[in-house]
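> The structure follows.
No lab work stands behind these numbers, since they all come straight from the coordinates. Source: prediction; values computed, not measured. Cβ: placed from backbone, ideal geometry, glycine included. Neighbour counts: every protein chain shown.
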Amino acid sequence: MKYPMNKKLPNFIFTNQFGLLFLVLIFIIIFSTVTDGFTSRFNIFALSRVIAIDIMIGLAMMVVILTGGLNLALGAIGVCAAMFGGWCMEVLGIPIVPSLLLTLGMGSLLGWVNGIITVKTGVHSFIVTLATMSIYFGFMTMLTEAEAFRRLPDLFTDFGSAKLFNKYVSPLLLVSVATCFTLFYLFRFTDIGRKLIAAGANPEAAEVSGISVSRMFIYCHVLSGFLGALAAILLTTRIGAAIPSMAGQLGMDWLLPAFLAPVIGGTLLSGGKLSVFGTMLGAVLVTLLTNGLYLLDVGEFWIRFFLGIILLLAVLLDRARELLTLKNVIVS
């Protein structure tokens, strides 16, 4: 009791977050040494914009993984929400703030649909969101005729190109970091957050204790849709337009960072355990690796190959953590 801070420090050293932070620092040192331009103002600013979006994508997947599920429709939800927001601003002439609220509402609605179908049918969210991914994207393409919305308000697009802290950091990164702190508070200090974790950790026990597991699962999908729409808003401000291909075909470009960030960060694929700041550090690590490899003139194929290997190792590590947790429960 005399040295509480001394006890906390060794505990932190053995956490997943400390390991990620250590790897981030190591790769920053390596890429700063072996590449030209990694520490340039331009590259750091570009990194901060990409990291901001990858963090938000990782958080959006993290809240569904908490339930033991997946959201393969995340990219499609983001694109649909962004296109809806672009339509509101450009075609309907709705002011920026109401349009952003409508964009977030659209993402939440599409997430709610995923949650309702998953809960009511009992089909795993992997299958449900695989189907809705095509449905959402196809419906959006049909309504917009695959036309982009490029005449967005200058105040909106200027936010994505703004530079802070001596022109090194994008305000997009501040939005993502603020979202991390908000989610941390939600899951650590609020009743609804603890219920969401309890429902994901042990649905049967949670139901017996009076928690509506079905409702909690739906809430997680709604939150995932909300965060996916927020990620799409950040991406739209970065590129200055709402484009149907902004997340790749069917939103596929979002899937790799969506899985890598939370799984590397310590969120269990079996559900019941998440790490908000671990997800943030996981996104930072993946973006740093990608950027550094590009600067080393490594081909796109090899970068994808390398990230795929990292994802496989992360899944194996996740399985090891799950077995270790189960063993500890049995022993105790």
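> Expressed as a whole number of Å, what is the distance separating the alpha-carbon centroids of the range 203-278 and the range 67-134?
11
> Determine by what factor the alpha-carbon radius of gyration of the chain differs from 2.2 N^0.38 Å, reporting the quotient.
1.01
> Let me ask another. P(r) tail for the range 127-174, what percent of Cα pairs lie past 18 Å?
Here the tail beyond 18 Å accounts for 59 percent of pairs.
> Dividing the Cα radius of gyration by the Kirkwood radius, what Rg/Rh value follows for the range 181-300? Walk me through the numbers before you get to the answer.
Details: Rg = 17.1 Å, Rh = 16.3 Å.
Here the Rg-to-Rh quotient is 1.04.
> Test of understanding: express the Cα radius of gyration of the range 44-95 as a ratio to 2.2 N^0.38 Å, with N the residue count. The partial results should precede the final answer.
Working: Rg = 14.4 Å, N = 52, 2.2 N^0.38 = 9.9 Å.
Against the empirical 2.2 N^0.38 Å value, I get 1.46 for the range 44-95.
> Could you work out the Rg to Rh ratio of the range 257-313, with Rh taken as the Kirkwood radius (inverse of the mean 1/r over all Cα pairs)? Could the numbers behind the result be given before it?
Details: Rg = 12.2 Å, Rh = 11.7 Å.
That ratio is 1.04, to two decimals.
> Need one word for the range 81-181: rounded, prolate or oblate. Basis is the Cα gyration tensor (sqrt eigenvalues a ≥ b ≥ c); a/c below 1.5 gives rounded, then a/b vs b/c decides. Don't skip to the end; give the middle numbers.
Numbers: a/c = 2.52, a/b = 1.50, b/c = 1.68.
In terms of gyration-tensor shape, oblate.
> I would also like to ask the following. Report the far tail of the P(r) of the range 207-256, meaning the percent of Cα-Cα pairs longer than 15 Å. Spell out each step's value before the answer.
Details: 727 of 1225 pairs.
Here the tail beyond 15 Å accounts for 59 percent of pairs.
> Over the Cα atoms, compute the radius of gyration (one decimal) and Dmax (the largest Cα-Cα distance, rounded to a whole number) for the range 1-153, in Å.
Every Cα atom of the range 1-153 included, Rg and Dmax give 21.1, 67 Å.
> Between Met142 and Phe22, what is the label-to-label distance in nm when each label sits 7 Å out along the Cα-to-Cβ direction?
5.3
> Enumerate the helices in the chain for which the Kyte-Doolittle hydropathy averages -1.0 or more and the C-alpha atoms extend at least 20 Å along the helix's axis, using complete DSSP H runs. If you can, show how the numbers build up before the last one.
Numbers: long enough: 16-34 (27 Å, 2.31); 41-65 (36 Å, 1.87); 74-90 (24 Å, 1.38); 96-121 (38 Å, 1.37); 125-144 (27 Å, 1.53); 171-189 (27 Å, 1.75); 213-239 (39 Å, 1.44); 276-295 (29 Å, 1.69); 300-331 (46 Å, 1.36).
The qualifying helices are 16-34, 41-65, 74-90, 96-121, 125-144, 171-189, 213-239, 276-295, 300-331.
> Where nothing but the Cβ of Lys and Arg (+1) and of Asp and Glu (-1) is charged, how large is the charge dipole of the range 39-321 around its Cα centre, in debye to the nearest 20? Mind dumping the intermediate values first?
On the way: 16 positive and 13 negative charges, 107 e Å.
That gives a dipole near 520 debye.
> At q = 0.17, 0.25 Å⁻¹, what log₁₀ I(q)/I(0) does a Debye calculation on the Cα points of the range 21-69 give, no solvent, two decimals?
Rounded to two decimals, the profile gives -0.66, -0.94.
> Moving on. First select every other residue whose beta carbon is under 11 angstrom from the beta carbon of Ser214; then total the charges, Lys and Arg +1, Asp and Glu -1.
Values: positive: Lys120, Arg215; negative: Glu207.
It works out to a net charge of +1.
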